[in-house]
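Visitor: One structure follows; several queries about it will come next.
The values are calculated or read from the model by the stated rules, or taken from the named source; none is laboratory data. If you're wondering where the values come from, they're calculated on a predicted model, not measured in any experiment. When we count neighbours, we look across all protein chains shown, and the Cβ atoms used for this are built from the backbone with ideal geometry, even at glycine.
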Amino acid sequence: MTHSTPLSPLKTGLIGCGDFSAFLGRYIQEVADITAVCDIRPDAANAVADTLGGGPTVYTDFRKMFTEADLEAVFITAANFVHAEIAIAAAESGLHVFCEKAMARTVEECWAMVHACEKAQVKLMVGHKRRLRPSWSRMIELTADDQLGKPLSATVTQYADMRPYNYPGTWWSDAAFSGGSYAVLGVHVIDWFAAMFGPAQRVSAINGPTIDEDYRYPTIHHATIQFSSGGIASINTSFHYPIHKFREAQGPMVQCEHGGLKLVPQMEHLDLYYQRLNELEPQHERFMIADDFDPAYRREVGDFVQWVRGEIADPCLTWREGLRCVETMQAFYQSADQQGAWVDLPLTPVAAN
Ligand SMILES: NC(=O)c1ccc[n+]([C@@H]2O[C@H](COP(=O)([O-])OP(=O)(O)OC[C@H]3O[C@@H](n4cnc5c(N)ncnc54)[C@H](O)[C@@H]3O)[C@@H](O)[C@H]2O)c1
């Protein structure tokens with residue numbers, strides 16, 4: 001009889017200790033050790049270290065952390081404007097990288113991350129959990145041939161009241177730091193569109209009037225994507241719609257070959273309705289918010305750890321989804337700058353170096 005030696009937990013570092021980091025940290029700790037945490041704000045880093053427990057070493061300089069800490073991989077939950085810088089430095093230190101969405105601010109930054117990770121032969125994954133949530137993955141499942149069939153068109157109106165999020169005055173409210181309005185409200189849906197329809201072929205977008213000078217970018221947008229499959233999708237965004245809070249917006253309607261579906265999100269649950277053209281009534285499934293996030297975060301973090309360890313070859317996500325999502329957002333802004341002119345995808349990749 002042979003006995004296999006259990007592997008010791010993967011040693012990881014968590015960089016960026018703001019609102020989201022401890023939340024993701026809990027899922028990381030289910031499958032790996034967080035041996036170090038880092039934030040330029042020492043209070044934030046110490047608070048996350050206390051919340052997570054386990055005595056991680058606290059750093060305020062990620063380069064020092066990469067040099068001194070005994071790490072195999074990093075999770076980046078820092079602000080968007082430092083994703084590329086941190087990921088490249090991690091790769092150059094031989095560390096595998098899990099980076100939160102949005103992957104970076106621009107396609108150029110994304111490619112620089114990819115090239116650095118390829119050169120160092122480390123793995124790079126971007127966290128896009130929306131497509132993995134049971135409610136949203138169920139919609140993709142329903143587009144099987146024997147269900148509703150191929151998706152033809154989709155629309156998502158995410159008119160939301162963003163006041164509870166207090167973004168004005170923070171990095172979120174400046175496109176140069178966040179990547180603009182779609183990086184705030186839209187990135188998840190744009191990635192889900194890609195999971196639903198496949199590659200995007202071209203986009204057209206326009207801005208609405210500016211009504212809030214606290215955001216240093218337009219906060220009302222309408223955009224259309226045409227996919228290589230021929231399918232079309234629209235995503236219409238506003239930060240100033242008082243009826244919906246953030247999580248109540250974003251419910252897609254999808255027309256498929258043999259029927260259609262509609263997701264109606266509420267704060268506590270999401271109702272999914274779908275009906276084939278030959279059925280008299282829609283079917284209904286309810287997803288509780290409390291159960292809709294754990295499986296998605298567990299899957300992406302779990303797959304990353306297994307991928308790094310060589311236990312799986314095909315993780316649920318890599319950098320590709322992150323890059324294509326940033327590319328679509330950047331193409332939206334380019335189109336809006338040209339009053340809605342079509343912008344073809346992919347945008348020209350930037351060469352290495
Ligand atoms: N997947 C999801 O569901 C999800 C949810 C929320 C946030 N996010 C992503 O997580 C990231 C963080 O979001 P947040 O809401 O926690 O933002 P936040 O502003 O609360 O936190 C960002 C942190 O990054 C830190 N930081 C900035 N520069 C740094 C540097 N050079 N080194 C180390 N730390 C640095 C800041 O001090 C701050 O504490 C964003 O990219 C966001 O898009 C993902």
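Visitor: Mind listing whichever residues of segment 12-46 are among the small types (Gly, Ala, Ser), over 20 Å from the mean Cα position of the chain (by Cα) and over 14 Å from Gly302 (Cα atoms)?
Guide: Of everything in segment 12-46, those that are among the small types (Gly, Ala, Ser), over 20 Å from the mean Cα position of the chain (by Cα) and over 14 Å from Gly302 (Cα atoms) turn out to be Ala36, Ala44, Ala45.
Visitor: Right, next: What are the pairs, 6+ residues apart or on separate chains, where a residue within segment 69-85 that is free of Cβ contacts under 8 Å to residues at least 24 places away in the same chain has its Cβ under 6 Å from a residue that is not in a strand (DSSP E or B)?
Guide: none
Visitor: Looking only at segment 266-285, count how many residues are surrounded by 12 or more Cβ atoms within 10 Å (Cβ to Cβ) and among the charged types (D, E, K, R). Quick ask: steps written out before the conclusion?
Guide: To start, the set of residues in segment 266-285 that are surrounded by 12 or more Cβ atoms within 10 Å (Cβ to Cβ) comprises 266, 269-276, 282-283, 285.
In the following step, the residues that additionally are among the charged types (D, E, K, R) were identified as 271, 276, 285.
Residues flagged as surrounded by 12 or more Cβ atoms within 10 Å (Cβ to Cβ) and among the charged types (D, E, K, R) within segment 266-285 amount to 3.
Visitor: Also: From (1) within 30 Å of Tyr273 (Cα to Cα); (2) surrounded by fewer than 20 Cβ atoms within 10 Å (Cβ to Cβ); (3) near the ligand (Cβ under 10 Å from one of its atoms), pick out the condition that doesn't hold for Glu141.
Guide: Unmet for Glu141, out of (1) within 30 Å of Tyr273 (Cα to Cα); (2) surrounded by fewer than 20 Cβ atoms within 10 Å (Cβ to Cβ); (3) near the ligand (Cβ under 10 Å from one of its atoms): (3).
Quick grid of which residues meet (1) surrounded by fewer than 23 Cβ atoms within 10 Å (Cβ to Cβ); (2) at pLDDT below 95; (3) more than 16 Å from the ligand (Cβ to nearest atom); (4) within 23 Å of Thr12 (Cβ to Cβ):
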position	(1), (2), (3), (4)
Thr60	yes, no, no, yes
Arg63	yes, no, no, yes
Thr67	yes, no, no, yes
Phe75	no, no, no, yes
Glu92	yes, no, no, yes
Lys123	yes, no, yes, yes
Trp136	no, no, no, no
Lys150	yes, no, yes, no
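Visitor: So for segment 242-261 (the condition being of a type in the set (Phe, Trp, Tyr) and in the same structural domain as Thr224 (by TED's automatic domain parsing)), does at least one residue qualify?
Guide: Yes: one or more hits.
Visitor: Now for a different question. Out of (1) under 23 Å from Gln330 (Cα atoms); (2) surrounded by fewer than 21 Cβ atoms within 10 Å (Cβ to Cβ), what's the single condition that is false for Val114?
Guide: Of everything listed in (1) under 23 Å from Gln330 (Cα atoms); (2) surrounded by fewer than 21 Cβ atoms within 10 Å (Cβ to Cβ), Val114 misses just condition (2).
Visitor: If I go through segment 169-186 residue by residue, how many of them are of a type in the set (Ser, Thr, Tyr), buried (at least 20 other Cβ atoms within 10 Å of the Cβ) and without any contact (Cβ under 8 Å) to a residue 60 or more places away in the chain?
Guide: 2
Visitor: Could you run through segment 4-27 and say how many residues are more than 12 Å from Ile76 (Cα to Cα), more than 10 Å from the ligand (Cβ to nearest atom) and part of a helix (DSSP H, G or I)?
Guide: 2
Visitor: Please identify the pairs in which a residue from segment 298-315 that is under 19 Å from Lys101 (Cα atoms) has its Cβ atom under 8 Å from the Cβ atom of a residue that is hydroxyl-bearing (Ser, Thr, Tyr) and not in a loop (DSSP other than H, G, I, E, B), counting only partners at least 6 apart or on another chain.
Guide: As it stands, the answer is Arg298/Tyr27; Val301/Tyr27, since those pairs meet every condition given.
Visitor: I'd like the full set of residues that are outside any strand (DSSP E or B), within 13 Å of the ligand (Cβ to nearest atom) and within 23 Å of Ala331 (Cα to Cα), limited to segment 152-180.
Guide: The answer is Trp171, Trp172, Ser173, Phe177, Ser178, Gly179, Gly180.
Visitor: Another question, then. Going through segment 239-264 one residue at a time, which ones are at pLDDT 95 or above and assigned to a strand (DSSP E or B)?
Guide: Residues satisfying the conditions are Pro252, Met253, Val254, Gln255, Cys256, Gly259, Gly260, Leu261, Lys262, Leu263, Val264.
Visitor: Still on this structure, please answer the following. Among the residues in segment 38-56, are any free of Cβ contacts under 8 Å to residues at least 12 places away in the same chain, more than 14 Å from the ligand (Cβ to nearest atom), over 30 Å from Ile190 (Cα atoms) and in contact with a helix residue (DSSP H, G or I) (Cβ under 9 Å, 6 or more places away or on another chain)?
Guide: Yes, segment 38-56 contains at least one residue that is free of Cβ contacts under 8 Å to residues at least 12 places away in the same chain, more than 14 Å from the ligand (Cβ to nearest atom), over 30 Å from Ile190 (Cα atoms) and in contact with a helix residue (DSSP H, G or I) (Cβ under 9 Å, 6 or more places away or on another chain).
Visitor: Being of a type in the set (A, V, I, L, M, F, W, C) and modelled with pLDDT of 95 or more is the filter; apply it to segment 161-174 and report the residue that is farthest from the chain's Cα centre (by Cα).
Guide: Trp171
Quick grid of which residues meet (1) charged (D, E, K, R); (2) outside the structural domain of Val184 (by TED's automatic domain parsing):
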| residue | (1), (2) |
| --- | --- |
| Arg63 | yes, yes |
| Ala69 | no, yes |
| Ala102 | no, yes |
| Val114 | no, yes |
| Ile140 | no, no |
| Ser153 | no, no |
